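All remarks here apply to the structure that follows.
The values are calculated or read from the model by the stated rules, or taken from the named source; none is laboratory data. The shown structure was predicted, so the numbers you read here are calculated from the model rather than taken from an experiment. Heads up, the Cβs are rebuilt from the backbone with ideal geometry, glycines too, and the neighbour counts pull from every protein chain shown. Just the protein is used for accessible areas: all its heavy atoms, side chains included, with ligands, DNA and RNA removed. Shrake-Rupley method; radii C 1.70, N 1.55, O 1.52, S 1.80 Å.
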Amino acid sequence: HGIGNAIAKLLSSRGYSVIGVYNNTSAEEINDIKSEIINSEWVKADLSNRDETINLIEKLKNEKLSGIVNDAGQYIPEKFESYDINNWDKIMELHVTTPLLLCTKLQNNIEDGGSIVNISSIYGVVLGGFSGVVYAASKSAISNLTKTLANVFGRRNIRANAVAPGMIKTRLSANNRQAVLDNIAKNNPLGRIAEPEEISELV
């Protein structure tokens with residue numbers, strides 16, 4: 001759902017076959033997505049779980065890939081004075097380790113001239129965190145990892161880029177109070193929060 005759904009729809013409409021990964025999406029929603037997004041296959045995996053990520057990589061070992069989009073994300077509101085280090089481990093795994101594993105273990109599956117796109121965040125590039133300590137830190141890490149991937153994959157003419165959105169209208173942002181969303185929208189140059197489709201166009 002959200003940005004990932006919009007990316008899958010756009011890639012499909014441009015003629016790509018899409019292999020999507022989902023975790024908390026219901027079976028009914030996945031059936032709707034399959035009927036809406038042609039040439040798509042969907043695999044259930046919790047990408048914050050190392051074993052499930054390795055199992056996913058095993059399923060993809062014979063696939064030729066035009067590219068990889070690392071979009072899976074989670075935001076956990078945190079109180080700094082009572083910080084739970086387990087949140088750090090889970091989100092770092094999801095936002096940084098999993099993209100690294102996918103790009104290294106599937107590097108020979110990506111066609112020369114392909115593309116890697118990582119979803120970072122303005123909170124990891126410009127702002128830092130307020131209640132989301134690990135979210136901001138992990139997004140900063142994926143932005144920097146993208147630079148390394150660009151260096152390593154460039155010799156094969158494979159591009160690696162990161163997109164760093166601000167607040168987007170998704171289920172994730174809906175967890176914020178409306179007053180918070182209104183204030184963010186007011187301070188944006190366009191006076192609104194972005195739509196997922198605007199990010200998919202960048203990807």
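If you check Lys64, Lys105, Lys9 for being among the charged types (D, E, K, R), under 22 Å from Gly154 (Cα atoms) and out of contact with any strand residue (DSSP E or B) (no Cβ under 8 Å at 6 or more places or on another chain), only one passes: Lys105.
Under the condition of being without any contact (Cβ under 8 Å) to a residue 40 or more places away in the chain, outside any helix (DSSP H, G or I) and under 26 Å from Val117 (Cβ atoms), the residues counted in segment 75-93 number 0.
Restricting attention to segment 78-92, the residues being hydrophobic (A, V, I, L, M, F, W, C), open to solvent by 80 Å² or more (accessible area, probe 1.4 Å) and either under 21 Å from the mean Cα position of the chain (by Cα) or closer than 21 Å to Asn176 by Cα (or both) number 2.
Going by what's in this entry, would Ile30 be described as surrounded by fewer than 17 Cβ atoms within 10 Å (Cβ to Cβ) and in a loop (DSSP other than H, G, I, E, B)? In short, no.
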